[in-house]
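The structure appears below as structure tokens.
The values are calculated or read from the model by the stated rules, or taken from the named source; none is laboratory data. Everything numeric here is computed off the predicted structure, so don't read it as measured data. Note: ideal-geometry Cβ built from the backbone for every residue, glycine included; neighbour counts use all protein chains shown.
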Amino acid sequence: MSMTRTGARTGAFSFTGRLRSIDWVLLLVSIALSAAGIMAVYVAGSEARQYYATNQAIGFVVGLVGAVPLALFDYRILKRHLKVLYLLVLAMLLVVTIAGEMAGGAQRWIDIGPVQVQPSEFAKLFMVIVLAGFFSEVYVGGYLNFLKGLGIVALPALLVFMQPDLGTALVFGAVFFTMSFIAGAKLIQLGLLTASAVGAFVLAVKLKVLEEYQVARLTTFLNPESGSTDLGYQVAQSKTAIGSGGITGKGMEEATTLSNLGYLPEDHTDFIFANLAERIGFVGCLVLLLLFLILVWRILHVATISRDRFGVLIAVGVATIFLFHVFVNVGMTMGMMPVTGIPLPFISYGRSSLVVSVISLGLLQSIAMHSRSEG
């Protein structure tokens, strides 16, 4: 009986110890960003604001349902199932290629009952886990291992590119570049990779592998006046909206915003930052960007306290996804980055994106909790 009581106390201590090991700053900032996203899509100026806000809230709840058990789960078990995860990624993307739903000229979604899911969003997180498992077990400075890792990420990236979803394909590239560097890739390897990517882009343009609108999306920001009329209009309206917000903004329910007047395209998805900027102004945008800065800081903090390379690389991969998304999306709305359709995490409308963002933070909590409780 004494041993039973001791075991019960040990189990209770282990559970409460894990709860004390939660990264509360990471948890609170993710809740704050999710709440800001629900509010943002509600005031986006669309007649279907209630629909968008409700779906965004549902996405957060579904993500939370997945994140909580994942946080209590030992993330290291995932390392035993890397092949399964990789095959799942390929299967999801192949299903989209064969039987996906078309919308806006792209085939990126599949219907599961009444719910529409975007598999490429889940593929990003799964590929971070797969690459982390691979890089944690090999010497990445060896050219063969480096090429193997590149091959692992190239196939799903190609399937995503074929949808076509150029923005997400670029995310795969950024994830591989950063994770391989942290894992120990040599600068000469990364330099050759970058040069090869630039060469491949030039060749793709020459051979017309890339559609004209894709080339325009990647190059219009360099010279807006010579680019696509539609893209130039989108960026011009976005910059006007950001500028008209001034220091403190026009207010959340102001009727004269460009979004409400119908002059800001994709105001609840790609250009939602411009929509918000006009309403909350420079000060509000600084607060939002500060929240993202804190988010990335805490994710990288998880990497520093992780007790194994697998955990370190997962945290670095997730941080790369968030940082790349924020940098490109915000830069895009200001005419400083290509218009690639990359959403702003937590803020842009999209259930799949929000679900994966919340789940990924649950995985990071698992790394933090196990690292601290075992320290």
Out of the residues in the stretch 48-77 that are more than 20 Å from the chain's Cα centre (by Cα), part of a helix (DSSP H, G or I) and aliphatic (A, V, I, L, M), which is modelled with the highest pLDDT? Ile77
Among residues of the stretch 335-354 being hydrophobic (A, V, I, L, M, F, W, C) and in a loop (DSSP other than H, G, I, E, B), the residue surrounded by the fewest Cβ atoms within 10 Å (Cβ to Cβ) is Met336
As an exercise: evaluate Arg298 against (1) in a helix (DSSP H, G or I); (2) touching a Pro at 6+ places or on another chain (Cβ under 9 Å); (3) charged (D, E, K, R); (4) at pLDDT 75 or above and give the number of the one condition it does not meet. (2)
So which of Ser373, Ser357 ends up being touching a helix residue (DSSP H, G or I) at 6+ places or on another chain (Cβ under 6 Å) and among the small types (Gly, Ala, Ser)? Ser373
Among the listed residues Met369, Met332, which satisfies the condition of being within 30 Å of Val140 (Cα to Cα), in contact (Cβ under 8 Å) with a residue 24 or more places away in the chain and either assigned to a helix (DSSP H, G or I) or small (Gly, Ala, Ser) (or both)? Met369
Among the residues of the stretch 117-162, which ones are closer than 14 Å to Leu93 by Cα and not hydrophobic (A, V, I, L, M, F, W, C)? Gln118, Pro119, Ser120, Glu121, Lys124, Pro156
Hey, does the stretch 90-107 have a residue that's closer than 30 Å to Ala274 by Cα, assigned to a helix (DSSP H, G or I) and either in contact with a Lys or Arg (Cβ under 9 Å, 6 or more places away or on another chain) or at pLDDT 95 or above (or both)? no
Set Val160, Val153: member being in contact with a strand residue (DSSP E or B) (Cβ under 9 Å, 6 or more places away or on another chain), within 26 Å of Ala204 (Cβ to Cβ) and part of a helix (DSSP H, G or I): Val160
Provide a single number: the residues in the stretch 214-257 that are assigned to a loop (DSSP other than H, G, I, E, B), at pLDDT 80 or above and either surrounded by fewer than 20 Cβ atoms within 10 Å (Cβ to Cβ) or not small (Gly, Ala, Ser) (or both). 6
If you go through the stretch 278-289 one residue at a time, do you hit one that is in contact with a Ser or Thr (Cβ under 6 Å, 6 or more places away or on another chain), closer than 22 Å to Ser244 by Cβ and surrounded by fewer than 18 Cβ atoms within 10 Å (Cβ to Cβ)? yes
With the requirement that a residue be within 19 Å of Gly191 (Cβ to Cβ) and either assigned to a loop (DSSP other than H, G, I, E, B) or not aliphatic (A, V, I, L, M) (or both), what does the stretch 120-147 give you? Phe135, Tyr139, Val140, Gly141, Gly142, Tyr143, Asn145, Phe146
Do we have Val312 as in contact with an Asp or Glu (Cβ under 8 Å, 6 or more places away or on another chain), modelled with pLDDT of 90 or more and either closer than 22 Å to Leu82 by Cβ or surrounded by 22 or more Cβ atoms within 10 Å (Cβ to Cβ) (or both) here? no
